[in-house]
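Any read-out appearing in this document is the output of simple, stated calculations on the displayed coordinates, not a laboratory observation. Keep in mind it's a predicted model, so treat the numbers as computed, not measured. Because the Cβ atoms are built from the backbone with ideal geometry, glycine has one as well, and the counts that use them run over all protein chains shown.
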Amino acid sequence: MQTSEKESRKRRAAPVRSADGRREPARPVRALPLRAKPAWVRPEYRRRARLRNRLIAGLMAVAVVLVVALLANSSVLRSNGAVVLARRELPSVPVFFCQTDAAWAGEPMGDSGRTLGEAGDGVTCLAALIEMQQIKTPVEGEVNPGTLNAWLSENGAYDASGGLNWQRAAGLLGVSLTQRQPGWGVGGTLEMLIRQEVYPVARVKQPGTGAYHDVLLVGTVHGEFQIMDPLDPSGEPNSLSVYGNRIYDVRYLK
């Protein structure tokens, strides 16, 4: 027969007797101190931890989105060792001229004895950027390599070998000229200029011959700089990768 719970309590509460039979008072039972719960078990800590984790996850998600957007809209090229950040942008109305166009290819460049078809890459780029940047000129009628060359020839903007004196040309146009050599931080500046609709003339080297050649940077597509190449009669932008994505000199007008 099982002992009832009441009898068990009486037995536990019975007085303690000594060895000689004397009755001793019952010893009080001391309650053990309650230990505080660790911090990570407390409800308020767990709530703060959940909020913190959600915040971190949210910030990481935003960072991932920003990185993906940046990579989707830009690419890294190299220009003679300098990093170039290129965005996917093209002007709404790009202008394309070809120096070998029959309308002006045979026109002489000053007193040099050379023609636009032979050495007019710089002038052709200049004519295009004047139109794209809407720079006002004293040239009568439409600005193209032929009309611009005639005006520059009249005003002594060529040297004896037919090279364009860019400083002289900028002064005649009433604009400022900036010319930079490699290693000046070309990447960030080119990106900024294209955003501002300022189109730089970049000096490259022709494959095979290694001869210097001027092209006009007009934007980017799929992370590659797009150029107006004065030697390309297609009337379409070309990729700077044709010239190895290497730039040896940059000029721009503002």
Vicinal HN-Hα couplings computed from phi for the range 202-214 (Karplus, 6.51 cos²θ - 1.76 cosθ + 1.60; Hz; Gly/Pro x): 10, 8, 10, 10, 6, x, x, 7, x, 6, 5, 8, 9
Principal axis dimensions, largest first and in whole angstrom, of the range 77-253 by Cα: 40, 35, 29
In this structure, the FRET efficiency calculated for ALA150 and VAL62 from their beta-carbon separation, with R0 = 41 Å, to the nearest 0.05, is 0.15
Based only on other Cβ atoms within 10 Å, what is the fewest-to-most ordering of ARG180, ARG50, ARG251? ARG50, ARG180, ARG251
